[in-house]
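The values are calculated or read from the model by the stated rules, or taken from the named source; none is laboratory data. Keep in mind it's a predicted model, so treat the numbers as computed, not measured. Ideal geometry is used to build each Cβ from the backbone, glycine not excepted, and the neighbour counts take in all protein chains shown.
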Amino acid sequence: MAKWSTDIACRQAMRADSEKLVQIYNDYVVNSTATFALNPETTAERESWLDLHASLRYPVEIVTIDGVVEGFASLSPYHARCAYALTAEVSIYLSPQARGHRLGDALLGKLHDHADKMGLHTLLALVCSENKPSIALFERNGYELSGTLRQVGKKFDRYLDVAIYQWIKSK
């Protein structure tokens, strides 16, 4: 396990973070089923993604350790239909050295704060059912399994299931 100083912080992502976000994300693209993306992403694509999130006013938070970006999390629109406007999808990605240190919990807490400010009612996490660390993260933070979409993705020559975890704001 990596050792860090106590300088762990979360902040809003900026375009200048794009290259590091691509490095973190592409590790998942190439080495895992945490994303169903099959091709590594470019910095320009991540910049466009950040611009879109900013234009829609959906947050992207990053976590830094000793000033270095080690992970990011986002809220994204769940669906374009108007009736889904109070629902968002959660995504969290951490660098290999940052995994296992509960930094995902910190990022998820920031997203919940944003969700409150945005008036969101429901957050969804679509997780490959074999991704045990992500499932543990969401369950630890009050998300409940709502269902499983069977064999909806294919990566590494295998059909994969997606578990849908749901968090509903308390009244």
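Looking across the stretch 90-103, the residues that are crowded, with 16+ Cβ neighbours inside 10 Å and more than 19 Å from residue 22 (Cβ to Cβ) come down to 90, 101. Tell me, please, whether a residue that is more than 27 Å from residue 139 (Cα to Cα), modelled with pLDDT of 95 or more and part of a helix (DSSP H, G or I) can be found in the stretch 77-97. Yes, some residue in the stretch 77-97 is more than 27 Å from residue 139 (Cα to Cα), modelled with pLDDT of 95 or more and part of a helix (DSSP H, G or I).
On inspection, residue 48 fails the criterion of being under 27 Å from residue 170 (Cα atoms) and among the hydroxyl-bearing types (Ser, Thr, Tyr). Do the conditions hold for residue 34, that is, is it assigned to a loop (DSSP other than H, G, I, E, B) and buried (at least 19 other Cβ atoms within 10 Å of the Cβ)? Answer is yes for this residue. For the stretch 71-124, residues that are over 19 Å from residue 144 (Cβ atoms), hydrophobic (A, V, I, L, M, F, W, C) and more than 17 Å from the chain's Cα centre (by Cα) total 5. When you look at residue 73, is it buried (at least 20 other Cβ atoms within 10 Å of the Cβ), touching a strand residue (DSSP E or B) at 6+ places or on another chain (Cβ under 6 Å) and at pLDDT below 95, yes or no? Answer is no for this residue.
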